[in-house]
Amino acid sequence: MNVDRSIFKAYDIRGIYPDQLDGSLAYALGRAFVTFLKCDAVVVGRDMRLGSPDLKENLVRGLCEQGAEVIDIGMVATDQFYYACATMNQPGVMVTASHNPPEYCGFKMVRNMPYLLSGDDGLQDLYCIVTNETYDPLPGTRGQIAEVQVTQGFVDTVLGLINPEQIKPLKIVADTANGMTGPILQAVYEHLPVELIGLYLEPDGRAPNHGWDPMQPENRAELESRVKQERASAGFAFDGDGDRFFVVDDRGLFVPGDFVAALLAAYMLERHPGASIIYDVRCSWAVRDCVQARGGKALIERVGHSFLKPRLFEEQAVFAGELSGHYYFTEFFGADSGIVPSLMMLEMLSLKDQTLSELLAPLESRYHLSGEINSRVEDTQAKIEELAARYSDGRVEWIDGISISYDDWHFNVRPSNTEPLLRLNLEALNRDTMEARRDEVLGIIRA
């Protein structure tokens, strides 16, 4: 079978439907999934994309013909899917393309929670099985389909991670962008004394209002203005499939993901004194400093769930945070979730006698961030080596791309997995220094 190899990404399978992936590929992947994992049962869920029903139907056909029982959990957010895989102790396939535009579809695949198949661990094996058609022989018995509802169990589980009685009557504006979080968010929040003002809570695969990636300023502009208009305590945003979480503070200002990680890390250490916290190489020193100031152990790791999740359990850590809005909790099976950090944020705001902007003030006054800046570079490795030579008097680390630190500023530059891009994140303890060093490093990258 001819397959576009480019759709097999670092962490999932994603491409344009039906040009790059269609029902025939979904069927083939179903057979390949069972062949590769030798599994007897598979959890299957899907998102709201217009092509997802077709892909799910054909995926299920392939899984069943290969002899696996299918546990069909319906149209769900990805954190509900992770919950199902974890509590049923089964592998699974989620039909989703995360935050990509509507013309995309895809698959996220769980080996066993919290471990997903990735480019280096399973996805390329599936590619080889599909392209070479080296499936196991079809068994004599076809697998059956069981439809299972997971909503109530998920609601009970995530509410059990906080004390709902401690939640104050906060006003929250939530924008789920017609993605998958709207229905489950309402099901969870109806148990809390929160005044929830919802934007685009109904799933709609056309994305009729704005895109599914809150990292893009245009996709959160309405939320920012609405928070100010409503005089809300905060605004919460979620990506298309619901495994990422983003925050707008009471001033209507977007909160960088590493500042969210710092606040959540500090709060988790109040619940788990002395615990370890994992954060990715792009993050602000705010995360490290907040953890260390509260007696925790701050551990840096490469970007991506395939690195953070194993480290979470190896180190017996309680929480891991990424700049990109992925937050992982050991109490939630080590999975990333949009709902869980939103609940932690509600509980934190309820217990602190401060607004969100007041909690952020010490971070904003000390840590000055460039944000992630992408540059198109033909030879990314040569540029990285040039940076290593230019800043060899700093502390050089080769964890993920290159990270270089000085006493009052530092940066990470890492290549894109899919494009000839370098991604720069730089921080300084003074705004003027940040701007000057940012321009200096960009000048080298773009020369």
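Structure notes:
- By the rule of a C-alpha distance below 22 Å, with chain neighbours fewer than 8 residues away ignored, the lysines paired with LYS297 are LYS309.
- Placing pseudo-labels 7 Å out from each Cα toward the beta carbon at ILE197 and ARG271 gives an inter-label distance of 2.8 nm.
- With eigenvalues of the C-alpha gyration tensor scaled by 5 and rooted, the chain, Å: 35, 28, 20
- Between the helical axis of 23-37 and the longest alpha-carbon principal axis of the chain there is an angle of about 80 degrees.
- The modelled label-to-label distance for the pair LYS352/SER365, using points 7 Å beyond Cα in the direction of Cβ, is 1.4 nm.
- Largest to smallest principal axis extent of the C-alpha atoms in the range 170-253, angstrom: 30, 29, 19
- Counted by Cβ distance under 14 Å from ALA146, the other residues give a net charge of -3, where Lys and Arg count +1 and Asp and Glu count -1.
- GNM top mover of ASP379, ASP258, ASP175 - the chain, alpha-carbon springs below 10 Å: ASP379
- The distance from the alpha carbon centre of the range 85-142 to that of the range 326-358 is 29 Å, rounded to a whole number.
- Here LYS352 is the anchor, and the lysines within straight C-alpha reach of less than 22 Å, apart from those fewer than 8 places off in the same chain, are LYS168, LYS171, LYS228.
- Longest site-free stretch - the chain; sites: GluC sites (Glu not before Pro), DSSP loop, at most 12 other Cβ within 10 Å: 191-377
- Local electrostatic count, SER6, Cβ distance below 11 Å [Lys/Arg +1, Asp/Glu -1]: +1
- A crude spin-label estimate for the pair SER375 and GLN149, with each label 7 Å from Cα along the Cβ direction, gives 5.5 nm.
- Neighbour net charge for ASP241 - beta-carbon separation under 12 angstrom, K R +1, D E -1: -2
- Förster-model FRET efficiency, 45 Å R0, SER225 and ASP407, C-beta, rounded to 0.05: 0.70
- Secondary-structure-derived ellipticity at 222 nm for the chain, considering helices only, amounts to -11500 deg cm²/dmol, per-run term -39500 (n - 2.57) for DSSP H runs with n ≥ 4.
Values quoted throughout were computed directly from the atomic coordinates according to the rules given, and no laboratory measurement underlies them. Since this is a predicted model, take the numbers as computed values, not measurements. Backbone-built Cβ (ideal geometry, glycine too); neighbour counts: all protein chains shown.
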